[in-house]
Amino acid sequence: MKWIVRIGIVALAAVLASHCVLGQTPAPARTASTKPALAPVAKAAFAGGCFWCMQGEFEELPGVKSVIAGYTGGTTPHPTYEQVSSGATGHFESIEITYDPRKISYEKILDTYWHNVDPFTPYGQFCDNGPQYRTAIFVHDDAQRAAAEASKEKIEQTAKKKVVTQILPASTFWPAEEYHQDYAKKNPFRYGLYRKGCGRDELLEQIWGTPPKEKP
């Protein structure tokens, strides 16, 4: 029986030797990373006429991380403002919104969009006419498309008028030149003259029945 005990002791010593070096205890087993998950982000894109007038309306919303003015829906890569203004590239002046869907829903963003455009005019917005100023919703997935179509139908039923705003698949979004970004904040006097001259707030009040916000 002693030889059996000795064999057992030798085997146990071999196992301990494989896990312990110079008196060190075995390393603990590795566990999965406990780093906090990154906050989810989602994109939304809209065309509502002059992009100067659209950025600020969404930047104020809780849960919105950024709003970029730019161009989308066209065929020319890296379009410039002059090219888009010619109406030949097929692009819309537009905005791209990055938001946290845990803090704000796409439906809320949609509602803000509708109340800042004239969805019944096919050739532009307010004092800006041309294909680059038409209204459009650029959807990134089926859920956004369903929400956009439902909201469009609801407006048509309420207003008893045809909504001409297009619902299109999202495509490459090209940020506009830096001087266009947050133009209203950078140039409040010039922007105020432009917006007032366009009659944008007065027409929005006629369409939606809400008084215009104060603008810079």
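Could you pull out the residue among GLU96, GLU57, GLU107 that is of a type outside the set (A, V, I, L, M), modelled with pLDDT under 95, under 23 Å from THR172 (Cα atoms) and outside any loop (DSSP other than H, G, I, E, B)?
GLU57
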Checklist outcome for this item: Scanning the stretch 54-92 residue by residue, the ones that are under 19 Å from TYR191 (Cα atoms) and either in contact with an Asp or Glu (Cβ under 9 Å, 6 or more places away or on another chain) or of a type in the set (Lys, Arg) (or both) total 10
Checklist entry - Got a number for residues in the stretch 110-141 being in a loop (DSSP other than H, G, I, E, B) and without any contact (Cβ under 8 Å) to a residue 12 or more places away in the chain? => result 2
Next on the checklist: The conditions are (1) surrounded by 21 or more Cβ atoms within 10 Å (Cβ to Cβ); (2) more than 28 Å from GLY209 (Cα to Cα), and PRO101 fails exactly one of them. Which is it?
Outcome noted: (1)
Checklist entry - Do we have any residue at all in the stretch 194-202 that's surrounded by 14 or more Cβ atoms within 10 Å (Cβ to Cβ), of a type outside the set (A, V, I, L, M, F, W, C) and part of a loop (DSSP other than H, G, I, E, B)? => result no
Checklist entry - ALA143 is checked against (1) in contact with a helix residue (DSSP H, G or I) (Cβ under 8 Å, 6 or more places away or on another chain); (2) under 20 Å from GLU93 (Cβ atoms); (3) surrounded by fewer than 15 Cβ atoms within 10 Å (Cβ to Cβ) and fails just one. What number does that condition carry? => result (2)
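The values are calculated or read from the model by the stated rules, or taken from the named source; none is laboratory data. What you see is a predicted model, and the numbers here were worked out from it, not measured in a lab. Here the Cβ is made from the backbone with ideal geometry for all residues, glycine too, and neighbour counts use every protein chain on show.
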